[in-house]
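Each remark here refers to the structure printed beneath this line.
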Amino acid sequence: MAIFRLDKDQFLRQLNELKQAGDEYEAAKQELSVAVDQAALGINNTQGASSQYSALKELQQFGRPAHVSLVTLDEEMANLSLDQEETIEDLRWSVDSFEFEDEAERQDILSTLDGLSEKFSYTSPKGMSKIHDALNS
């Protein structure tokens, strides 16, 4: 039977890198949500737009490419979330498979992984349904 030792320093360094990536992912989720909300608001405004705005149609020409870009970003964010969740589960399995001398240390790492799961969770912004409807009409 082979015995493997967990290099705690390396593991914690990688865990900290994952935390930083989680912070960046949360910021990206927020930015995407704001962009989707603005696009959805634009869809509502153009549907009830005044004749003066409708006559210009300068902004409306960019609507479809912007909406397609937002849909693509939404899909990428969802895929990234799934990939990171899989990585977090692999790390959780690794932590569970090692024996720790200090159970509090194991619980601390598992709590950190739980927090990372929350950071990398993804739900499409509410306005995405309006964007999908606009693209499909």
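Numbers for the structure displayed
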read-out	value
Where the range 55-136 is the region considered: accessible area per residue in Å², 1.4 Å probe	67
Karplus-derived HN-Hα couplings along the range 27-34 (A = 6.51, B = -1.76, C = 1.60, θ = phi - 60°), whole Hz, x at Gly and Pro	5, 5, 4, 5, 5, 5, 4, 5
Ranked packing of 24-32, 115-123, most packed first, by mean Cβ within 10 Å	115-123, 24-32
Relative contact order computed over the range 55-136 (Cα-Cα under 8 Å; 6+ residues apart), in percent	47
Theoretical gain in end-to-end length, Glu85 to Ala35 [0.36 nm per residue, Cα-Cα removed]	15.5 nm
Difference of contour (0.36 nm per residue) and Cα-Cα distance, Glu103 to Thr123	3.8 nm
Portion, in percent, of the accessible area of the range 55-136 that falls on carbon or sulfur, probe 1.4 Å	51
Largest-first principal axis extents, alpha carbons of the range 55-136, Å	72, 17, 16
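The values are calculated or read from the model by the stated rules, or taken from the named source; none is laboratory data. Note that the structure is a prediction, hence the values are computed from the model and not measured. Reconstructed Cβ throughout: ideal geometry from the backbone, glycine too, with neighbour counts over all protein chains shown. Remember, those area values only see protein heavy atoms, side chains included, never the ligands or the DNA or RNA. Shrake-Rupley method; radii C 1.70, N 1.55, O 1.52, S 1.80 Å.
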